[in-house]
Amino acid sequence: MDKKWHEILEDIEIVEENGEKEVWSKEQLLYFEQETGVLLPEQYKVFCELFGTGYFGDDCDYVRIECPHPNSFEIFIISIKKEIEWFPGSAINGDIKNDKLLQELFDNAFVFGDTPCSNIFFWDLRTYNSLDDSYDIYLANSDCFEGVYWVGRDFYEFIHDFCLGTQSWEILPKFKEIFPKSEVKSSYPILNVFTRYSHPDISKEQAEIYRKLYL
C-alpha cells in the first residue's frame, strides 16, 4: 500500500460502526474493470482497498466516497441532464457553460462521491491518460444545477487537498464570498475541513452481497 495513504489514516479519526464495512479486494476491482470497461485510477483502487465506502465528516455534513457500484448515482446524472434540457442556459456558473458540451460530459460521467446537499463528484471518462492514470474530476449539484466545476485529476490530491484541506475554497469562490465560514457548515459541507472518516453501518446480509459482487 502507498505510504501516503497510511499517513492520512494516521492523521484522521476513523469511526467504525457496529455493522460490517464495505472494502473491495484487488480481485473485485479488476473484475469490475473487465466487466464494465471502465479503468479505475490506481489511487482510487488503493482507497477502496484501504478505506472502503464511507464518508469524511459526520452524519449531516460529509463528503461520501463509494466503492464502484454501476448506476448507483444514475438518478443524479438523469436529474442534471433533464435540467439542462428543460432549462437551456442553466449553467450560469462553473467552468463549462455550453449546453451541448455539458450533455456530452454527463453522458460520459462516472460518479464516485456525493454530499448531503446533492453535490456529486465524478470523472469524465473521455479524459483518461495513461501517463497519470487519471481522469478529470468535476463537481456539480444535481438539485439546483448552475454549472460544473473542475476539481483536478489526481484522486489522492482530491482526498488530501479537497476533502481534508481547503482546496474547495479556491475552486468555489462564489460560495466563499456569499457564505461566511460560520454559516458554511450547514449549507455547503464541501467547504469544511474534515478530520474523520466513518464507515456506514451495513447489515451482514448487505456485506455478503458486496463480497460476492464481481466475484
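Report yes if some residue within region 154-162 is surrounded by fewer than 16 Cβ atoms within 10 Å (Cβ to Cβ), out of contact with any Ser or Thr (no Cβ under 7 Å at 6 or more places or on another chain) and among the hydrophobic types (A, V, I, L, M, F, W, C); otherwise report no.
No, because not a single residue in region 154-162 is surrounded by fewer than 16 Cβ atoms within 10 Å (Cβ to Cβ), out of contact with any Ser or Thr (no Cβ under 7 Å at 6 or more places or on another chain) and among the hydrophobic types (A, V, I, L, M, F, W, C).
Looking only at region 54-75, which residues are hydrophobic (A, V, I, L, M, F, W, C) and at pLDDT below 90?
Selection gives 56, 60, 63, 73, 75.
Of the residues that make up region 62-85, is at least one hydrophobic (A, V, I, L, M, F, W, C), exposed (fewer than 14 other Cβ atoms within 10 Å of the Cβ), under 16 Å from the mean Cα position of the chain (by Cα) and farther than 20 Å from residue 161 by Cα?
Looking for residues that are hydrophobic (A, V, I, L, M, F, W, C), exposed (fewer than 14 other Cβ atoms within 10 Å of the Cβ), under 16 Å from the mean Cα position of the chain (by Cα) and farther than 20 Å from residue 161 by Cα, one finds at least one in region 62-85, hence yes.
For region 200-212, indicate whether the set of residues that are modelled with pLDDT under 50 and among the β-branched types (Val, Ile, Thr) is non-empty.
Yes.
For residue 107, all conditions in the list (1) of a type in the set (Asp, Glu); (2) more than 12 Å from residue 76 (Cβ to Cβ); (3) buried (at least 17 other Cβ atoms within 10 Å of the Cβ) hold save one; what is the number of the exception?
Going through the list (1) of a type in the set (Asp, Glu); (2) more than 12 Å from residue 76 (Cβ to Cβ); (3) buried (at least 17 other Cβ atoms within 10 Å of the Cβ), residue 107 breaks only (3).
Okay, residues lined up against (1) in a loop (DSSP other than H, G, I, E, B); (2) out of contact with any Cys (no Cβ under 6 Å at 6 or more places or on another chain); (3) in contact (Cβ under 8 Å) with a residue 40 or more places away in the chain:
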{"residue": "67", "(1), (2), (3)": "yes, no, yes"}
{"residue": "76", "(1), (2), (3)": "no, yes, yes"}
{"residue": "83", "(1), (2), (3)": "no, yes, yes"}
{"residue": "111", "(1), (2), (3)": "no, yes, no"}
{"residue": "149", "(1), (2), (3)": "no, yes, yes"}
{"residue": "156", "(1), (2), (3)": "no, yes, yes"}
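Take region 34-65 and flag every residue that is of a type in the set (Val, Ile, Thr) and outside any helix (DSSP H, G or I).
38, 53, 63, 65
Quick check, is residue 120 modelled with pLDDT of 95 or more and within 20 Å of residue 170 (Cβ to Cβ)? Break it down into steps so the answer makes sense when it comes.
Values: modelled with pLDDT of 95 or more: no; within 20 Å of residue 170 (Cβ to Cβ): yes.
Here the answer is no, as residue 120 does not meet what is asked.
Being surrounded by 20 or more Cβ atoms within 10 Å (Cβ to Cβ) and either without any contact (Cβ under 8 Å) to a residue 12 or more places away in the chain or in contact with a Cys (Cβ under 6 Å, 6 or more places away or on another chain) (or both), is that true of even one residue in region 41-48?
Yes, that holds for at least one residue.
Sort out which residues of region 142-185 are at pLDDT 70 or above, aromatic (Phe, Trp, Tyr) and under 20 Å from residue 97 (Cβ atoms), and write them in order of number.
Within region 142-185, 145, 149, 150 meet the criteria.
The values are calculated or read from the model by the stated rules, or taken from the named source; none is laboratory data. Quantities reported herein were computed from a predicted structural model and do not represent experimental measurements. Heads up, the Cβs are rebuilt from the backbone with ideal geometry, glycines too, and the neighbour counts pull from every protein chain shown.
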